[in-house]
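Any read-out appearing in this document is the output of simple, stated calculations on the displayed coordinates, not a laboratory observation. Everything numeric in this text was worked out from a predicted model, so none of it was measured. All Cβ positions, glycine included, derive from the backbone under ideal geometry; neighbour counts span all protein chains shown.
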């Protein structure tokens, strides 16, 4: 019976993994990048210059609201950082996707334009949430919520599979010539070592994707339709009535100070105003406190007219009760605690996760492999295995290439097209679907090499763009000499070297590896040759196939 | 002892559908009868977070049942109990 249960769990693991693996690869690769979306956005945004003192934030609000009164209802002020001036952003209405932003130039002049600043960060985040599916953000996120539920089942069934032989197999990475064994060991090792991470990610992703249907169900069954009322009455803005009467706002420095005095280690990064310049104005002071597990930062709500603190439920240091019970899940998904080391750990875990899904697909293909020894020398792999290999290559490398080119294009397109975001999305989808189609037509062995080269070029395009900007300032991209941008360039260069190494290894395997495999480029050409020369091949195959586990 | 049947389709359906309804009912029980009652400040968020782990545990462990029929019967029974308890708690406590 135990054997039968394990066999059933093996097929559950195989099929749930297979269905979700490629989408999850995209989510994890893009997710690893979102950890560093701020440096990426900084790399891709034009230099703003202008004034960065705190007093100027008040002047920015004042002049923007004078020029664009429609912004007063709802706007966000991003406080100045060491390299960026304060920036005010708003949308003309709730349903309008276009974000407008305003800064003060060095001359004190107000500059208003369509915002592309957070563009790259938001773009990578959308790919992360929707797996780059050409759906709108909401639908894509819900779809990925369902995919995440299947992923959780794949994860738990995988653990059930390795548990019986955990002690024996876990630390055994058998680097033998038995390739399938090695891939299996690597898959198990990465899977078990990062199991807690994956469990948290799967669980939180289900909640992020499906919280609305879950709330709806609870509302019907448990709360008798009173849930929206309960939510509003305990929400961060509860208890404050709208009051349209005009009233002057406290200064930005005062609003920030009152929150910092309540929680000294909290560092505010932005202020979100609702109904500014009225007596009922509320300001969410948003910021970070890396000492706590909180929801990727936190906020306090302050009255704009009096600087009286209204709500501290979401301030990391002050959160209590049920809010505190839920916040760690957010932090554990976003890696927004513990500062730089945790961020790098999440970056690595994200990439390791992408590897886990890729190796899972490889294992599926490898266990369906037809060997020369069993099926004769002119063995042809099953259509399913060849399609699976090509699709895995196309989706995984396609997403890697598409993200690089989409990010780089931002710097080249800025100033040339009006809607950078639409172009960037277009480029992502064009590269991604182009790569997928290319892989399906060309076959996994050749496309694997060629797309890895393209991925290397895509990653190399980041430092090259920066170099071009230095050498030829007239061409379009601007040069950035700060350490943050240089860091992005260095990571791009390292990634390019990794993809180049991957291309080399794949090419070697296609040329010299066993021909009875989807990864051999000689497979197709061999059948066209004369029987005489294929004898020569058979000798070589015989020598290699001896290592095969199917033998 | 009857033999083990794979029944992957009926087990999957039982796990994902009955697992979800069971999770809603158990989370509901916690909401109604747990500390603070239905209207405790921000408790609804925690209640919502309870649903996913219960649902996904049932959906992944459902394949241990001897057959699809057993899965449907046991989970159906658990649902009846949980929803019955929820109904009772609401009548008694509110």
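Packing-based ranking of A:100-106, A:391-397 yields A:391-397, A:100-106, ordered from highest to lowest mean Cβ neighbour count within 10 Å.
Let me know the shape class of the range B:8-93, please: from the alpha-carbon gyration tensor, a ≥ b ≥ c as square roots of the eigenvalues, rounded when a/c is under 1.5, otherwise prolate if a/b is greater than b/c, or oblate. Since a/c reaches 1.5 but b/c is at least a/b, the shape of the range B:8-93 is classed as oblate. Answer rounded, prolate or oblate for chain A, using the Cα gyration tensor with square roots of eigenvalues a ≥ b ≥ c: rounded when a/c is under 1.5, else prolate when a/b is larger than b/c, else oblate. Taking the square roots of the gyration eigenvalues as a ≥ b ≥ c, chain A is prolate.
Per DSSP H run of n ≥ 4, the term is -39500 (n - 2.57); total these for the protein assembly as shown, divide by its residue number, and report the mean residue ellipticity at 222 nm rounded to 500 deg cm²/dmol. Result for the protein assembly as shown, helices only: -21000 deg cm²/dmol.
Residue by residue along A:151-158, Cβ atoms of other protein chains within 10 Å of the local Cβ number 4 on average. Mind pulling the angle between the C-alpha long axis of helix A:195-221 and the longest principal axis of chain A? Nearest 10 degrees, somewhere in 0 to 90. With both axes taken from Cα atoms, the answer is about 60 degrees.
Shape of the range A:398-503 from its Cα gyration tensor (a ≥ b ≥ c, root eigenvalues): rounded if a/c is under 1.5, otherwise prolate when a/b > b/c, or oblate? Taking the square roots of the gyration eigenvalues as a ≥ b ≥ c, the range A:398-503 is oblate. Tell me, how many Å apart are the Cα centres for the range B:1-41 and for the range A:445-496? A separation of 50 Å, based on Cα centres. For peptide A:454-465, the mean count of partner chain Cβ atoms within 10 Å of a residue's Cβ comes to 0. The Cα center of the range A:343-385 and the Cα center of the range A:252-272 differ in position by 51 Å. Residues A:43, A:478, arranged from fewest to most other Cβ atoms within 10 angstrom of their Cβ, appear as A:478, A:43.
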